[in-house]
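Visitor: Got a structure here, written out as structure tokens. Questions coming.
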Amino acid sequence: MTLRVGYLSRTQASSIDFPHPVELIDLETDTVEGLRDALLAGHIDIAVHADANLPLDPQFVQAIAHRENPQDAFCGPTDYRGLPHGARVGTDSANRAAQLKHFRSDLVPTEVAGDLEERLAHIGDGLDGIIVSRAELTWHGLTIGQDLPYEVMVPVAGQGALAVEALATSADVLAGIEDSVARMEMVAEQTFAAELGGLPSSPVGVLARSTGKTVALHARFLGDGTKVEIRRSSSNPLTLATDLAAEFVRRGVRP
């Protein structure tokens, strides 16, 4: 049996190693709700979401597929460490902009929108470079850019992970897709973000790395002239994230 897979990004859906034959179906939707409506209507059997941070809904079950490299990457004609004074660097989040300024106060974070191709086109045309996720580049088959060390850029929660959904009544179609290591990392990152109010536009980065038995969580806040950065490890990702978020609040980071 061939399963019908709907997606927000074909390149991301194509990157998943499905354990059964699939047909990729372009539903021409760009929303989570559009994919879920297609599942409910029976147009597809599986939905691949571009973001693992999905709102919970009891009508659906979710698997987390293998996670790509979660690092951010700098794309530009020079080494990121050799950018000229006052260089304009394209970003699309408060987290990336704040960390860029912390790395070098003379750099000018510049908001840039659009798909990956459109953002890359700005390099040399008003921008000295842009910051994107390594995973996004990988999903598009690109090996350009420099991975930014975590000392420079801690990514946002869920970066590099894909959520795969099905109807709760058809959970068996997700067999073989779930990655237990990626799941532990997502539990830690998503719990931390949720405890701090979701962080949709906050200068907060959080990264979990798991061995499958333990999770190391690294979080950084840069805002209002304040820096809070903590690294902790535990075998319980939920408790780890909750306790770490509480510590951030105690240090002045407000939801």
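Visitor: Along region 93-108, what does the Karplus equation 6.51 cos²θ - 1.76 cosθ + 1.60 (θ = phi - 60°) give for ³J(HN,Hα), rounded to whole Hz, x for Gly and Pro?
Guide: Those phi angles translate into 8, 5, 5, 5, 5, 5, 6, 5, 5, 5, 5, 8, 5, 7, 6, 10 Hz.
Visitor: Which number comes out as Rg/Rh for region 128-206 once both Rg and the Kirkwood Rh are worked out on C-alpha atoms?
Guide: Rg divided by Rh gives 1.03.
Visitor: With every protein chain left in place, what is the accessible area per residue of the chain in square angstrom, probe 1.4 Å?
Guide: That works out to 47 Å² per residue.
Visitor: Treating only the Cβ of Lys, Arg, Asp and Glu as charged (+1, +1, -1, -1), what charge dipole size does region 123-187 show about its Cα centre? Round to the nearest 20 debye.
Guide: It works out to roughly 60 debye.
Visitor: Rg (Å, one decimal) plus Dmax (Å, integer) for the alpha carbons of region 151-255?
Guide: For region 151-255, the Cα radius of gyration and maximum Cα-Cα distance read 14.8, 50 Å.
Visitor: Can I ask one more? Ranked from the most accessible area to the least, with a 1.4 Å probe and all protein chains present, what is the order of Leu222, Leu27, Leu56?
Guide: Ranked list, largest accessible area first: Leu56, Leu27, Leu222.
Visitor: Out of residues 5 or more away from Phe60 or on other chains, whose amide H comes under 5 Å of its own, with H placed 1.01 Å from N in the peptide plane?
Guide: Ala168
Visitor: Suppose the chain between Ser234 and Val108 were pulled fully straight at 0.36 nm per residue; how much longer would it get relative to their current alpha carbon spacing?
Guide: Once the chain is fully extended between Ser234 and Val108, it gains 41.6 nm.
Visitor: Ok, one more. Starting from the Cα gyration tensor of region 71-192, take the square roots of the eigenvalues, sort them a ≥ b ≥ c, and report rounded, prolate or oblate (rounded when a/c is under 1.5, otherwise prolate if a/b is larger than b/c, else oblate).
Guide: prolate
Visitor: Using a Gaussian network model of the chain whose springs link C-alpha atoms within less than 10 Å, name the residue from Val156, Val206, Val32 with the highest mean-square fluctuation.
Guide: Val32
Visitor: Any number yet on Rg/Rh for region 10-100, C-alpha, Kirkwood?
Guide: That ratio equals 1.09.
Visitor: Here's another thing I want to ask about it. Between Ile177 and residues 5 or more places away or on another chain, which pairs have amide H atoms under 5 Å apart, with H built 1.01 Å from N, and which residues are they?
Guide: Correct list: empty.
Visitor: To continue, here is another question. Binned at 10 Å from 0, what are the whole-percent values of the Cα-Cα distance distribution for region 183-233, short to long?
Guide: 25, 54, 19, 2
Visitor: What list of ³J(HN,Hα) values in whole Hz, one per residue of region 115-127 in order, does the Karplus curve 6.51 cos²θ - 1.76 cosθ + 1.60 (θ = phi - 60°) give from phi, with Gly and Pro shown as x?
Guide: 6, 4, 4, 5, 5, 4, 5, 6, 5, x, 10, x, 10
Visitor: Rank-order 85-98, 113-126 by packing density, defined as the average count of other C-beta atoms within 10 Å over each peptide's residues, highest first.
Guide: Put in order of decreasing packing, that is 85-98, 113-126.
Visitor: Report, to two decimal places, the Cα Rg of the chain normalised by 2.2 N^0.38 Å (N = number of residues).
Guide: Cα-based Rg divided by the globular estimate yields 1.04.
Visitor: Please report the relative contact order for the chain, taking Cα pairs under 8 Å with a sequence separation of at least 6, and give it as a percent rounded to a whole number.
Guide: Averaging sequence separation for qualifying contacts and normalising by length gives 21 percent for the chain.
Visitor: Same structure, new question: How much of the accessible area of the chain, in percent, comes from carbon and sulfur atoms when a 1.4 Å probe is used?
Guide: In the chain, the share of accessible area belonging to carbon and sulfur is 51 percent.
The values are calculated or read from the model by the stated rules, or taken from the named source; none is laboratory data. The model shown is predicted, which means the values in this text are computed figures rather than measured ones. Please note: Cβ atoms are built from the backbone with ideal geometry, for glycine as well, and neighbour counts cover all protein chains shown. The protein model used for the area step is the full one, side chains on, heavy atoms only, and it has no ligands, DNA or RNA in it. Shrake-Rupley method; radii C 1.70, N 1.55, O 1.52, S 1.80 Å.
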